[in-house]
Amino acid sequence: MSNEKKKYIIGGTGCCSFCTGKKLKSYDGVGEIYAAPGNCIESDIFKNIDIREDDLTGLLKFALENDIDLTIPVTDKAIKTDIVSFFQSNGQNIFGSSADAANFALNKIAGKRFLYKIHAQTSKFGIFDKLQPAEDYLKSANFPVTIKCGEVSKLAEDRLVCPTVSLAREFLSVLFSKNETDILVEEFAHGKNFTVYFITDGYSALPLTSVANYNFMEDGDGGILTSGVGCYAPDYKISEVVISRVENVVRNALVSVEKKGEPYVGILGVECVLTGEDKFYVTEFKPFLQDHDAAVVLNLCSDNLIELFMSCINGFFSDEYTSIKMNDCCSVAAVVSARQLNKKITGFDLVEDVDNIDFINVNKANNEVYLTVKGANFVLTRTAGTLSRAKKYLYEDLSQMSFDGIKYRKDIGGSDVNY
């Protein structure tokens, strides 16, 4: 029996790439882990390789030359390149979905139409490629409304909750003036934001955990709407009844996608809003773990992810697994952002465990000097036996971090947190 350690490629950048590499490295039998292109921060856990996640030929050449055992694309950009179909056609093991099968999770417009198709409960919406019809829609809409770009936009703010018609018109004018097309306008769903993540082979799906999401920049859900600035898991307010009903949504989604001939394989997130007791709206799908919540999910998973992924690839998933083992801990995370560029970050050496930090995007000047970029820089995560203890540890660590213009929410895990 060979004792040769296996090798892996993680396709993508950001926090998800970083913490996925750390999770894989914790397993026996794991050798080199390569991140393509990886983060700006070097790591003892994996090696960055200078190949873009959309350079399919370059990645395949590297995989063949280095006898890679499994490739895992973790970002929207990597999945959109259709690296899964390309690698599969060249005999390579890869865990993920084809770009076509994942389109409902990659594109907000396609996802919203898909929710309507499978009869999932979702908020009223309209989709527009011209300004005038969008403005006409506002006349009969119930406010506030949320306006989003269908594709990931280059704009700093590609989504906005608009409480008034005038603000909605102004934001729509900005988006269309920037040549954005396919704009989604939906009635804002009041309630608690959460996501349930699943692993699926395209036919059956098993839940990982529920995650409580914090999507607004300011404490108390104020400020701009983001893709996520913090979270905790499991979300103790999400009942088994709700999770079961989300599973039904996933089953309907998988059946619909599989009928097109390309089943969705991979991790699938279902983002929802809890609107009442055991009632919820589905807002959108996610094609993998997101930067702000990847570590909290992975920290709670006791089953070996590599074995789970290979089981899906080889077609044994439904035979080998009836559930996914999660531990009894709680995990809390906060995204740390910067308002200014190139400010020196201090405090990494003061946190209890540097492995609790997952980098999204920072600059490194020299040696151990880290500098900020504008926007999200890194995610700090703590895990403990209880939610109150995990958030206590989190905010103790965050209090050690310092740079000009530092920004993070101080109410993650409960508004009673005050550090």
Only unsatisfied item for VAL373, checking (1) touching a Leu at 6+ places or on another chain (Cβ under 8 Å); (2) assigned to a helix (DSSP H, G or I), is (2)
Fill in: Residue within segment 70-79 that is under 18 Å from GLU262 (Cβ atoms), among the aliphatic types (A, V, I, L, M) and without any contact (Cβ under 8 Å) to a residue 60 or more places away in the chain present
no
Here, helices (runs of 4 or more DSSP H) confined to segment 97-181 with at least 2 residues that are on the phi < 0 side of the Ramachandran plot, within 26 Å of the chain's Cα centre (by Cα) and surrounded by 13 or more Cβ atoms within 10 Å (Cβ to Cβ) are 103-106, 108-117, 165-177
Could you go through segment 189-196 and let me know if any residue there is under 16 Å from ASN248 (Cα atoms) and either modelled with pLDDT of 95 or more or of a type in the set (Ser, Thr, Tyr) (or both). yes
Going through segment 360-370 in order, the residues found to be of a type outside the set (D, E, K, R), more than 24 Å from the chain's Cα centre (by Cα) and outside any strand (DSSP E or B) are ALA365, ASN366, ASN367, VAL369
When segment 317-346 is checked residue by residue, the ones that are open to solvent by 90 Å² or more (accessible area, probe 1.4 Å) and in a strand (DSSP E or B) are LYS344
Taking segment 140-159 and keeping residues modelled with pLDDT under 95 and not hydroxyl-bearing (Ser, Thr, Tyr) leaves LYS148, CYS149, GLY150, GLU151, VAL152, LYS154, LEU155, ALA156, GLU157, ASP158, ARG159
Scanning segment 377-399 for residues that are of a type outside the set (Lys, Arg) and open to solvent by less than 40 Å² (accessible area, probe 1.4 Å) gives ASN377, PHE378, VAL379, LEU380, THR381, ALA384, LEU387, ALA390, LEU394, TYR395, ASP397, LEU398
By residue number, the members of segment 20-29 that are open to solvent by 10 Å² or more (accessible area, probe 1.4 Å) and touching a strand residue (DSSP E or B) at 6+ places or on another chain (Cβ under 9 Å) are LYS22, LYS23, LYS25, GLY29
By residue number, the members of segment 37-48 that are in a strand (DSSP E or B) and in contact with a Ser or Thr (Cβ under 9 Å, 6 or more places away or on another chain) are PRO37
Inside segment 68-96, the number of residues satisfying the requirement of being assigned to a loop (DSSP other than H, G, I, E, B), of a type in the set (Ser, Thr, Tyr) and touching a Leu at 6+ places or on another chain (Cβ under 8 Å) is 1
Within segment 46-76, residues being touching a strand residue (DSSP E or B) at 6+ places or on another chain (Cβ under 8 Å) and either within 14 Å of LYS7 (Cα to Cα) or among the hydrophobic types (A, V, I, L, M, F, W, C) (or both) number 16
Inside segment 189-211, the number of residues satisfying the requirement of being surrounded by 18 or more Cβ atoms within 10 Å (Cβ to Cβ), in contact with a Ser or Thr (Cβ under 6 Å, 6 or more places away or on another chain) and not in a strand (DSSP E or B) is 1
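The values are calculated or read from the model by the stated rules, or taken from the named source; none is laboratory data. As the structure is a prediction and not an experimental result, all values here were calculated from the model. Every residue, glycine as well, gets a Cβ built from its backbone with ideal geometry; the counts of neighbours run over all protein chains shown. Calculation scope for accessible area: heavy atoms of the full protein, side chains included, ligands and nucleic acids excluded. Shrake-Rupley method; radii C 1.70, N 1.55, O 1.52, S 1.80 Å.
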